[in-house]
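Okay, so here's the structure we're looking at.
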Amino acid sequence: MKPTTVTQLRQLKQQHKKFATITAYDYSFAKLFADEGIGVLLVGDSLGMTVQGHDSTLPVTVEEIAYHTRAVRRGAPASLLLADLPFMAYATPQQAFENAAIVMRAGANMVKIEGGRWLAETVRMLTERAVPVCGHLGLTPQSVNIFGGYKVQGRDEDAAQALFDDALALEAAGAQLLVLECVPVALAQRITDALTIPVIGIGAGNVTDGQILVMHDAFGITGGHIPKFAKNFLAATGDMRAAVRQYIAEVESAAYPAEEHSFH
């Protein structure tokens, strides 16, 4: 398989073709996802909840992300592999450099960091030092204690404008991808149209360039609260490989996320 690149994702955006991405945390699932045609994988700090059983992403360490990144890279050698820098791993540019180096050496192609304009200098400096960056705006789970829970972001006019300005600032600083989580569809559309970089949505409607799901949500094995944007693709197919193919097909056709998975 040829490696998936950011250049290819930009071409898909220009051609108005949508692409599917998913989280992965180990060799076996990474290989399954790659075999079935998903070219972009994220080692997310969501592993704090899905793998480790914490009630948030905050306890996850850089070393844990690196461990899972190495496993995923072995399973999907040609995938474009994103890795989260976890809570407080990039509070200063110096921290960001040191921790990005750890996860890049573990096999990541790009780091993902949560936050807006305040991160612009860090994004610029990382990019200058050969570390590609994926931004993350909207519901940023590492900020759960600031938000007071997992809530839709950017619903009023001022908040929407601030998110829009953050997105432009991250792109201007050199971010090569942007994840938008739990924002109204109209705002997701506005941001996706304004940016030249690909925008990947989760709980942002079907208007973004790509979609990402936590793999446990895609297979219906998430315990407790099920996010509104989640869909169990295993329920209809009864087979994990078929479920992944169904997920890809529905993302590419914009059938998923449907209206019931979206916020307004």
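Rule-based calculations on the coordinates, nothing more; no lab input. Nothing here was measured: the structure is a model prediction, and the numbers come from that model. Here the Cβ positions follow ideal geometry from the backbone for every residue, glycine too, while neighbour counts run over all protein chains shown.
Using a cutoff of 8 angstrom between alpha carbon atoms and counting only pairs six or more residues apart, the relative contact order for the stretch 94-212 works out to 22 percent.
At a 10 angstrom cut-off on C-beta neighbours, averaged per residue, how do the peptides 34-43, 161-170 rank from highest to lowest? Don't skip to the answer; put the middle values down first.
On the way: 34-43: 22.6, 161-170: 18.6.
Packing proxy ranking, top to bottom: 34-43, 161-170.
Loop-located trypsin sites (Lys or Arg not before Pro) across the stretch 157-243 with a Cβ neighbour count of 16 or fewer within 10 Å are K228, with loop assigned by DSSP. With 0.36 nm allotted per residue and the present C-alpha distance subtracted, the A255-I221 stretch has 10.1 nm of extension available.
Quick one, can you get me the convex hull of the C-alpha atoms of the stretch 129-263 expressed as volume per residue in Å³? Don't skip to the answer; put the middle values down first.
Working: hull volume 17.3 nm³, N = 135.
Cα-based convex hull of the stretch 129-263, divided per residue, equals 128 Å³.
Over the chain, Cα pairs under 8 Å with separation of 6+ residues give a relative contact order of 19 percent.
Relative contact order for the stretch 15-150 using alpha-carbon pairs under 8 Å, separation at least 6, rounded to a whole percent?
Details: 231 pairs, mean separation 28.6, N = 136.
Across the stretch 15-150, relative contact order equals 21 percent.
Using the 10 angstrom Cβ neighbour count as an exposure proxy, how do Y25, Y150 rank, fewest first? Show your work: numbers first, answer last.
Details: Y25 26, Y150 15.
So the ranking, lowest neighbour count to highest, is Y150, Y25.
Once both labels are positioned 7 Å from their Cα atoms along Cα-to-Cβ, the gap between H264 and Q15 label points is 3.3 nm.
Once you order the gyration tensor axes a ≥ b ≥ c over the Cα atoms, which shape class does the chain get: rounded for a/c under 1.5, otherwise prolate or oblate by comparing a/b with b/c? Before the final figure, lay out each step's value.
Values: a/c = 1.26, a/b = 1.08, b/c = 1.17.
Rounded is the answer for the chain, as its axis ratio a/c remains below 1.5.
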